[in-house]
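The values are calculated or read from the model by the stated rules, or taken from the named source; none is laboratory data. The model shown is predicted, which means the values in this text are computed figures rather than measured ones. Cβ: placed from backbone, ideal geometry, glycine included. Neighbour counts: every protein chain shown. Keep in mind that these areas ignore ligands, DNA and RNA; they rest on the heavy atoms of the full protein, side chains included. Shrake-Rupley method; radii C 1.70, N 1.55, O 1.52, S 1.80 Å.
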Amino acid sequence: VLALSCLAGYSGAQVKPASANTAARIANAESAGPEAIARHATILDWPAKKGGEPVVLRKGSNGWTCFADWPETPANDPMCLDDVWMEWMQAGMQKRPAKIDHVGLAYMLQGGEAFDQRDPSFTSSVLSEALVTRVTFEGKRATGVEIYHGGKTKQIRAGLEVVLSLGAINTPKVLMQSGIGHQTELARLGIPVIQHLPGVGQNLQDHLNIWYVWEYPAPLPPPNPLNESVMCWSSGNGSQRPDFFACQTGVPIGSPETIAQFGLPESGWSFAAGISHPKSRGRVSLTGPTPVDPVRIEANILSDPGDLEAAIACVERLREVAHSLPLRQFVKRGFMPGNLKGRELKNLVRDAATTYWHETCTAKMGRDEMSVVDARLKVYGVENLRIADGSIMPRITTANPMAPCVIIGERAAEALQSDHRLGTS
C-alpha cells in the first residue's frame, strides 16, 4: 500500500479494498481445495509445455496441486546454477503444506467458477506460444492486437479495449512496435508514429540481487522452505522507510563471476541482499522494426555511485548479522565476501550483482512529459488502450513488486467495470 500511495487513485484507503479482494480470492481457493483448482486450471495452455498439449495438473501426495510433467531446467538458466537446484526445489514441493499460497491459482479458480456460472455458450480462450507483434489502430483508437501464432500472422479485434500486461520489458517493446514511443527513434527504424511518448522504455528500475555466502561448520541438508527469513532495515540516516532488504537462503548461491573466483562451499547458506530504492536508471529500446528483432536492455545497475555505496553498506551490515552470537553456530567462515575491504570489496559487489527479476517502471504513471499512462492506466494520446503491469510504476517498490502488481490488476478491473458498466462476476 505504501509503495503505491504516491499515485493518484492509489492512496491507502483506495488500495485497501483491492487488497481485501485478493485476500478473499486466496481464502476462497483454500476452501475450494486442490481438486477444484486442478479442474479449472486445465483451461490454460502452459507455454513451457512440449508438443502442444494443454497443461496437466495432478494432486500431489500432500494434497498440493502441481504440474504432472515438471519442466526440464535449461543448463543456462540463471536461476539454476546446476542440477542440484532443481532437486532441491522438487524436494521442497514434496514437503509443502497442503494449502494455497499462490495468488495466481486463486485467480485461476475464480475465473473458472465465473465461467461455470455463465451461459454455456460463453467461451474464453488462452493462447500460448502466441507472440503479440503490435496493437492495431484506426487513427488514434486501438482496435485490437496482431499476433504470430501457429506459423501465421493473425489479428484479434477488441470489443471494448486492449489491455497490455506484458511486463516491464515486453510492454514497452509492443508499444514501440505499435508506433507509440519517442518519435525520433521510431522514425529511425521506419515505424509509423501513432503517438509521441518519449518515456516509453525509459526509467527502467530493478532491485539488484547480491549473493553473499557463509560455510556451515558441518554439512546440513537444504531446509524447507528454502528461503527461511526476510529482513528490511533503514540506513539510520533519518530515513522513514527501509533502505535495504535481504532474503536468507539455506543453500550456497553465487553469480557466475563469483563462483569462478571463489567457488562454493559443499554446504552453506546465503544472503540475497538488495537495495530498496536504487538511483540507477536503465532503458529498454528496439534494435529493429520487426517483432523478432530482440530488444536492447540497458540495466545500468550500479551506474549511480550512490548505489555502490549503499550496496557496500548493505554487505557490511549483513556481515555483522552473520557473525552475531545467534548465528555464530551456523558459520565456519565467511566464504564471500569474507574479510574483503576497500577496492576488493567494491569489485566483489560488482561481480556478485545480479537481478531480483523486479524489472519495473518503463511506462510510468504520472503527469510529466515522460509519463505514459494516467491514473486510470490509460495510455496518453490514444483511445481504448491501457496498461496493467509493473511497468506503470513511477518508482520501484521497497521490496517485491508482485503484490503491488496484483493491486494494479485489481484497479484496472475496477476501472474497466466502471467505464463500461460491466458486471462484477
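Miscellaneous remarks
- Yes/no for residue 185 being part of a helix (DSSP H, G or I), charged (D, E, K, R) and either touching a Leu at 6+ places or on another chain (Cβ under 8 Å) or at pLDDT 95 or above (or both): yes
- Applying the criterion of being open to solvent by 70 Å² or more (accessible area, probe 1.4 Å) and not aliphatic (A, V, I, L, M) to the residues of the range 153-169, the residue that is farthest from residue 355 (Cα to Cα) is 159.
- In the range 179-210, the residue that is nearest to residue 284 (Cα to Cα) out of those that are polar (S, T, N, Q) and surrounded by fewer than 24 Cβ atoms within 10 Å (Cβ to Cβ) is 202.
- Verdict on residue 171 being out of contact with any Ser or Thr (no Cβ under 9 Å at 6 or more places or on another chain) and among the β-branched types (Val, Ile, Thr): no
- With a requirement of 3 or more residues that are under 24 Å from the mean Cα position of the chain (by Cα) and within 15 Å of residue 356 (Cα to Cα), the strands (runs of 3 or more DSSP E) lying completely within the range 243-323 that satisfy it span 244-249, 268-275.
- Of the set (1) touching a residue at least 60 places away in the same chain (Cβ under 8 Å); (2) assigned to a strand (DSSP E or B), all apply to residue 229 but (1).
- Test set (1) touching a strand residue (DSSP E or B) at 6+ places or on another chain (Cβ under 9 Å); (2) open to solvent by less than 80 Å² (accessible area, probe 1.4 Å); (3) of a type in the set (A, V, I, L, M) - residue 292 fails condition number: (2)
- Residue 382 vs. criteria crowded, with 17+ Cβ neighbours inside 10 Å and in contact with a helix residue (DSSP H, G or I) (Cβ under 8 Å, 6 or more places away or on another chain): no
- Residue in the range 331-341 that is touching a Ser or Thr at 6+ places or on another chain (Cβ under 9 Å) and free of Cβ contacts under 8 Å to residues at least 24 places away in the same chain present: no
- Extreme residue, least open to solvent (accessible area, probe 1.4 Å), among residues of the range 296-351 that are closer than 30 Å to residue 173 by Cα and charged (D, E, K, R): 307
- Cross-chain or 6+ apart pairs with Cβ under 7 Å, the range 293-322 first and without any contact (Cβ under 8 Å) to a residue 40 or more places away in the chain, then among the basic types (Lys, Arg): 304/279; 306/279; 312/346
- Residue-level check: of (1) closer than 30 Å to residue 167 by Cβ; (2) surrounded by fewer than 17 Cβ atoms within 10 Å (Cβ to Cβ), residue 284 misses just (2).
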